[in-house]
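Read-outs: derived from the displayed coordinates by stated rules, not from any lab. Keep in mind it's a predicted model, so treat the numbers as computed, not measured. Glycine also receives a Cβ, built like all others from the backbone with ideal geometry; neighbour counts cover every protein chain displayed.
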Amino acid sequence: MAAGRALGLGPLLLLSLWGASAPASLLRRLGEHVRRLRDSSSPGPNPGPAAAALPAEGWLQQALDPFNASDGRSFLQRYWVNDRHWASRDGPVFLHLGGEGSLGPGAVMRGHPAALAPAWGALVIGLEHRFYGLSIPAGGLDTAQLRFLSSRHALADVVSARLALSRLLNVSSSSPWVCFGGSYAGSLAAWARLKFPHLIFAAVASSAPVRAVLDFSAYNEVVSRSLTSTAIGGSPEVVLHGLGQKCLSFSRAETVAQLRVTEPQVSSVGDRQWLYQTCTEFGFYVTCEDPRCPFSQLPALPSQLELCEQVFGLSTSSVAQAVAQTNSYYGGQTPGSTQVLFVNGDADPWHVLSVTQALGPSVSALLIPSASHCLDMAPERPSDSPNLRLGRQSIFQQLRTWLRVDTRIRAGL
Ligand SMILES: *[C@@H]1O[C@H](CO)[C@@H](O)[C@H](O)[C@H]1NC(C)=O
Ligand SMILES: *[C@@H]1O[C@H](CO)[C@@H](O)[C@H](O)[C@H]1NC(C)=O
């Protein structure tokens, strides 16, 4: 019971605690939390020697600037391959995209998509996001080089990785590639299908905040609601106690100084990179100016935007403009793609920026009651709620429908 409670509340706690010190890292912290959860959980009741073996890790040489053919610079991008379930070279490939943090072998071993692979004899590949984890270009994180960090660059990496890995692993050209991801990487999965439908067959986007927003005050409304919901084991007193302990651990000056460090080994957790992406693409600043908001210590929007200026020299108006551009480029909550399944938990504050209702017959949405951020991706546990189990079944069914149709088309039926 205790584990179930920690699972439900953990992400909310993490988000809230971190809020006062480095607001932009909220989503990244969540990603780390989800990854730790996946990597620390046991693989199953009877792992056996094969299950304990680590998947192959590799490095892809990628263009630093994929949009400028005369720029020959490159960097190494880390990936993992789990071919244990791969049944034939024209079987599907499940591509697990990394987001705003390091990725690990767990991405291809535990939770979904790995758990879904045996049913289709799928090859599972995990791809770390450029500028995070160990996939950081040699020049480090100085502001000039961060120009090459954006979701558009990340999607270009997905395309070249798909082509290079197909060749390297001898994947059939008719194999359907399905992208998976959670949180920001969930948005990337949906956008990979949206922008490259000839290369990416479908996508499962978990807790994907596809709408960029400068002032994300709705975040705290969901948190307040979730905190008082006994279904996820919430209680305001727990949470406020924790806030009192952790909130003031960093001063503003310390935070700014930390975020200005450009050597990857110091800021390898990715705060600086993610702050850059919030300043140049997404916003997502969690504010708390409503008197009913339980987290009165959160800084107001101008103070959060000031970080973009102090750390990267980016003006408030440029941040606002970038957020608007992101939504016009990807379509916000009506992306107009096909064959994307959006999965969310209604206890997760980020669901309000995602797609929670089907958009026509080929964009489906699943809103799992009382589930928190990316919970559907975590490995199955005996303590999983019936709603979560049902949710996972729906993901399975959706894939079955898509892949069955694909098999028939490929067989000419
Ligand atoms: C493209 O790369 C070349 C060679 O590095 C450089 O001189 C040029 O300024 C770049 N163009 C753009 C638009 O970045
Ligand atoms: C790739 O697969 C095809 C079809 O099975 C096979 O003929 C070919 O030899 C394979 N190539 C490599 C490099 O393994």
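What residues from segment 74-91 fall in the zone where the backbone N is under 13 Å from a label point 7 Å along the Cα-to-C-beta line of A164? Residues passing the 13 Å test: 74-80. Working ranking of peptides 219-225, 72-78 by packing, defined as the average number of other Cβ atoms within 10 Å per residue, highest first, is 219-225, 72-78.
Label-to-label distance, R260 versus F196, with points set 7 angstrom from Cα along the beta-carbon direction: 3.8 nm. Projected label points at E380 and D83, each 7 Å from Cα along the beta carbon direction, are separated by 2.7 nanometres.
For L366, the residues whose modelled amide H falls within less than 5 Å of its own, excluding neighbours fewer than 5 places apart on the same chain, are F342, V343, N344. Spatial offset of segment 141-175 relative to segment 310-369 amounts to 22 Å, using the alpha carbon center of each. Note that segment 109-114 has calculated 3J(HN,Hα) couplings of 10, 10, x, 8, x, 4 Hz, one per residue in order, obtained from phi through the Karplus relation 6.51 cos²θ - 1.76 cosθ + 1.60 (θ = phi - 60°); glycine and proline are x. At full extension, A253 and A300 could sit 15.3 nm farther apart than now, given 0.36 nm per residue minus the alpha carbon distance. Annotation: amide H-H contacts under 5 Å for V213 (H modelled 1.01 Å from N, sequence separation of 5 or more, or interchain): F284.
Ranked highest first by the average count of other Cβ atoms within 10 Å around their residues, in what order do 119-129, 153-163, 389-399, 348-358 fall?
119-129, 348-358, 153-163, 389-399
Students often get this wrong: which residues of segment 333-349 have the backbone nitrogen under 15 Å from the point 7 angstrom along Cα-to-C-beta of T401? Flagged as within label range: 338-343. Averaged over residues, the count of other Cβ atoms within 10 Å places the peptides 143-151, 369-377 in the sequence 369-377, 143-151, highest first.
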